[in-house]
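Notes follow once the structure below has been shown.
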């Protein structure tokens, strides 16, 4: 018997493929972003799980897996919406029952941190929460408003700065193509400005896509027109060219991306821009994913 109750579908970042997925909430407390389909199913209505259920899941997992667990990802969409007190209790239970764990991570909405001080975050970091994945999506306020993100440049930058001050590693996600044709340039420029201002340790880009249809998205953004692959590459080139980073690990290899890009910024900036230029000038010479391989 699986000792953890999962409510399908379950999501986690690609880099957490080998982690124990530990739900501490169901769904997403915001769940209004029009581009996101992850938590729209009825069974994914937001609800924090009880301390008793979470601690029992941790204890029972320890009985079955012993010292095999090295990483834990706190699910669902924004575990950091829980109070600092509750998160500390969960982290203490992980330390007690799963002493082999070396990293605990979570998705994080910027709004989760409005009522958490840098000192509280530092306490969580000391207790074992060492990494947070924050979907910024864009650094442009107009684009963020169009997609009902509920954040702006300032609130996102503030959250990332708080995490950084607390010593929590930050992985930031930007959505390539989110502004469509009309707002592509300002989306790229605003996103680069956000990343430059906050200097996250990790940066990734995904391509905006709608496996379940785009009706909800277009209802709030009727002028949106999708970018073709060449347009996505041009936007990505504009974004990367404006980045001034000291040492940020960059990944653009999610299944949604036509062109997989990997490197460290700024050391590999010139190479990455050259790869993008090749894809723009001669797509046949670039290692593009076939459309069928981009399924989510």
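Just so it is clear, none of the values below were taken in a lab; they were calculated from the coordinates. Worth saying up front: this structure is predicted, and the values here are computed from it rather than measured. Cβ: placed from backbone, ideal geometry, glycine included. Neighbour counts: every protein chain shown.
Restricting attention to segment 224-251, the residues being under 15 Å from residue 187 (Cα atoms) and either without any contact (Cβ under 8 Å) to a residue 60 or more places away in the chain or surrounded by fewer than 17 Cβ atoms within 10 Å (Cβ to Cβ) (or both) number 14.
What do you reckon, is residue 88 out of contact with any strand residue (DSSP E or B) (no Cβ under 6 Å at 6 or more places or on another chain) and more than 30 Å from residue 214 (Cβ to Cβ)? It would help to see each step written out before you state the result.
On the way: out of contact with any strand residue (DSSP E or B) (no Cβ under 6 Å at 6 or more places or on another chain): yes; more than 30 Å from residue 214 (Cβ to Cβ): yes.
Taking the combined requirement at face value, the residue satisfies it.
Can we say residue 14 is within 29 Å of residue 157 (Cβ to Cβ) and surrounded by fewer than 15 Cβ atoms within 10 Å (Cβ to Cβ)? Yes; evaluated as a whole, the condition is true for this residue.
Within segment 147-168, which residues are closer than 30 Å to residue 103 by Cβ and touching a residue at least 60 places away in the same chain (Cβ under 8 Å)?
Within segment 147-168, the subset closer than 30 Å to residue 103 by Cβ is 149-151, 153-168.
Selection gives 149, 150.
Taken as a whole, segment 201-218 holds no residue that is over 22 Å from residue 22 (Cβ atoms), assigned to a helix (DSSP H, G or I) and touching a strand residue (DSSP E or B) at 6+ places or on another chain (Cβ under 9 Å). Total residues in segment 90-125 satisfying the condition of being loosely packed, with under 14 Cβ neighbours inside 10 Å, over 22 Å from the mean Cα position of the chain (by Cα) and outside any helix (DSSP H, G or I): the figure is 2.
For residue 255, the stated conditions hold: it is out of contact with any strand residue (DSSP E or B) (no Cβ under 7 Å at 6 or more places or on another chain) and outside any helix (DSSP H, G or I). Test residue 21 against the stated conditions and say whether it is touching a residue at least 40 places away in the same chain (Cβ under 8 Å) and part of a strand (DSSP E or B). When the stated conditions are applied, residue 21 passes them. Filtering segment 126-137 to residues that are crowded, with 17+ Cβ neighbours inside 10 Å and out of contact with any strand residue (DSSP E or B) (no Cβ under 7 Å at 6 or more places or on another chain) leaves only 127.
Which condition number does residue 29 fail, the rest of (1) buried (at least 18 other Cβ atoms within 10 Å of the Cβ); (2) free of Cβ contacts under 8 Å to residues at least 60 places away in the same chain; (3) assigned to a loop (DSSP other than H, G, I, E, B) being met? Only one criterion in (1) buried (at least 18 other Cβ atoms within 10 Å of the Cβ); (2) free of Cβ contacts under 8 Å to residues at least 60 places away in the same chain; (3) assigned to a loop (DSSP other than H, G, I, E, B) is unmet by residue 29, namely (2).
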